[in-house]
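No lab work stands behind these numbers, since they all come straight from the coordinates. Keep in mind it's a predicted model, so treat the numbers as computed, not measured. Here the Cβ is made from the backbone with ideal geometry for all residues, glycine too, and neighbour counts use every protein chain on show.
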Amino acid sequence: MGVELLASAEALIPRVETELLGWTALELLREVLPKRGDATVIDVCTGSGNLALALAWHEPRTRVWGADLSEQAVALARRNAVHLKLADRVQFRCGDLLTPFDSPEFLAQVDLLVCNPPYISSRKVAGMSDEIVGHEPRLAFDGGPLGIRILQRLINQAPLFLRAGGWLAFEIGLGQGRGIRRRLEKQGGYVDIREVCDKSGEVRALAACARPPRLRSP
């Protein structure tokens, strides 16, 4: 996305699929901003902070927070914020997925929630080339036995944080599109689910708008 970042063994090196997610997230952000004037953004599994910082870089009308389970990744993200002179607008916290934001400041207050989660099954990670897993943290790849452990939690927890009309956008692995879309539909908290495809036509990211609260019958 035209942003130069520091990279190290503490976090996953961003790939082209994550840039695809980043541009999609920026488009969604610009759908929200004319209605609100500014926006609150959260990026979980932030790694080097690439998504959080790129969104803040391209759209100054945002307040951005990022979080990661790895203290080493958070330290790298903070160095990147200083490197890009964005430390005054982008803050990073350490913790498990959305746990660092479980407070009234964020509950039902988030306009855009983005995530590049681990989505490779544990078995496949074990067989990956040492050129990859030998230089990047396993934590950034391993999505559990089926590769969707973090994705399931994200889909279930995100509606608690999104305001009505806010967006969830996240990257997925090859072949996961149909199944993960079905989970979004069954969860019941989303409308306007969108698929984001790569140049080969493979779904590599999904976006879903938070459903407005249902009115109770008198």
Report summary line: Straight-line reach check, residue 199, cutoff 14 Å on alpha carbons, 8 or more apart in-chain or any other chain, hits among aspartates and glutamates -> 17, 19
Report task. For segment 1-115, state the semi-axes of the equivalent ellipsoid (square roots of 5 times the eigenvalues of the alpha-carbon gyration tensor), sorted largest first and rounded to whole angstrom. Result -> 20, 17, 12
Report task. Answer rounded, prolate or oblate for segment 8-52, using the Cα gyration tensor with square roots of eigenvalues a ≥ b ≥ c: rounded when a/c is under 1.5, else prolate when a/b is larger than b/c, else oblate. Result -> oblate
Query - Computed label-point distance, nm, for sites residue 109 and residue 186 using a 7 Å Cα→Cβ extension - result: 3.3
Requested in this report: Could you calculate the FRET efficiency of residue 30 with residue 174 from 1/(1 + (r/R0)^6), where r is the beta carbon distance between them and R0 is 30 Å, rounded to 0.05?
Outcome: 0.60
Query raised in the report: Reachable aspartates and glutamates from residue 85, Cα under 13 Å, same-chain residues fewer than 8 places away excluded?
Result: 4
Query raised in the report: Which Cα, out of 106, 74, 86, lies furthest along the positive dipole direction of segment 61-108 (beta carbon charges, K/R +1, D/E -1)?
Result: 86
Report summary line: Cross-link reach from residue 186 to aspartates and glutamates, straight Cα distance under 17 Å and at least 8 residues apart if same chain, gives 195
